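See structure below.
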Amino acid sequence: MTAVSKPKRRTKAQQREEMLGQILDAAEYLFSLTGYHGVTIKDVAKQAETHTSLVHYYFTDKKALLDAVFARRAKISADLRVAALDAYERECGGKPSVEGALHAYLDTDLDTFGGGDDGWRNYATLGSQMAVTRWGGEYFDTHFYPVVLRLIDLLKRALPDCDEKRIFWGYNFVMGGLIMTLARTGRLDILSGGAATSEDFASAKKYMARFMAGGMLAICGDGETAG
């Protein structure tokens, strides 16, 4: 008779990692649902099915908890986009187009956030809330500044005759569209009577880069004096 092996007991490090994951997931969900200021440590503990004292053990305060929630996926998102931009630069032979650069920058996030993982969708909603506030913008400067400059560099090469001011304005409009899409407010569903839906990231990926590229080309080629 074959002996049945007992399941291995989790180490303390594994238990700690699992508990941290539960707390971060809970905070991410609640922050995305009601906003950072509408959530308490007690709410997070309840959602994570643990004690408030344990949350405080890992995180000194709610700000430290938000820092950890944001940073956890920020590096993954930034690394994926940098890799996509690097791959595009190799593929285009050093001659980028506006639409190509925007596809490389936008499509990775749209694939990640639209892939069906609730955690990533919650993160996208939270990020879209934070991106439109001054205090939240600091998180994006900290974690995504190099990625943005990487895109801007490609756009400058794709639009060598366009002054820098317009390229940065174009980037600002691109981010506005991306943030609104990631927010998944449901307003699109209501306005369109269901013809278009906030959850349809595949359509966003299909149309967004092309739409934004058209706008950037328009403001850079409208015949006005630079600046």
Requested in this report: Output yes when any residue across the stretch 13-30 is of a type outside the set (Asp, Glu), surrounded by 11 or more Cβ atoms within 10 Å (Cβ to Cβ) and either touching a Gly at 6+ places or on another chain (Cβ under 7 Å) or closer than 30 Å to residue 157 by Cβ (or both), and no when none is.
Outcome: no
Report summary line: Flagged pairs (Cβ under 7 angstrom, 6 or more apart or on separate chains; first in the stretch 2-23, outside any loop (DSSP other than H, G, I, E, B) and modelled with pLDDT under 60; second surrounded by fewer than 12 Cβ atoms within 10 Å (Cβ to Cβ) and aliphatic (A, V, I, L, M)) are none
Report task. Return the total of residues in the stretch 139-160 being of a type in the set (A, V, I, L, M) and under 15 Å from residue 100 (Cβ atoms). Result -> 6
Requested in this report: Could you please find all residues in the stretch 78-93 being touching a residue at least 60 places away in the same chain (Cβ under 8 Å) and not acidic (Asp, Glu)?
Outcome: 78, 81, 82, 85, 88
Report summary line: Considering residues that are assigned to a loop (DSSP other than H, G, I, E, B) and crowded, with 16+ Cβ neighbours inside 10 Å, the number found within the stretch 156-194 is 3
Requested in this report: Please work out if residue 197 is outside any helix (DSSP H, G or I), touching a residue at least 12 places away in the same chain (Cβ under 8 Å) and surrounded by fewer than 16 Cβ atoms within 10 Å (Cβ to Cβ).
Outcome: no
Report task. May I ask you to list pairs of residues, at least six apart or on different chains, whose Cβ atoms are under 7 Å apart, with the first in the stretch 38-63 being at pLDDT 95 or above and the second being among the basic types (Lys, Arg)? Result -> 41/62; 52/42
**Report entry** Members of the stretch 179-199 found to be out of contact with any Lys or Arg (no Cβ under 7 Å at 6 or more places or on another chain) and small (Gly, Ala, Ser), listed by number
**Finding:** 183, 186, 192, 193, 194, 195, 196
**Report entry** Restricting the stretch 66-77 to residues that are without any contact (Cβ under 8 Å) to a residue 60 or more places away in the chain and aliphatic (A, V, I, L, M), the residue that is nearest to residue 137 (Cα to Cα)
**Finding:** 66
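The values are calculated or read from the model by the stated rules, or taken from the named source; none is laboratory data. Keep in mind it's a predicted model, so treat the numbers as computed, not measured. Using ideal geometry, Cβ is built from the backbone for each residue, glycine included, and neighbour counts are taken over all protein chains shown.
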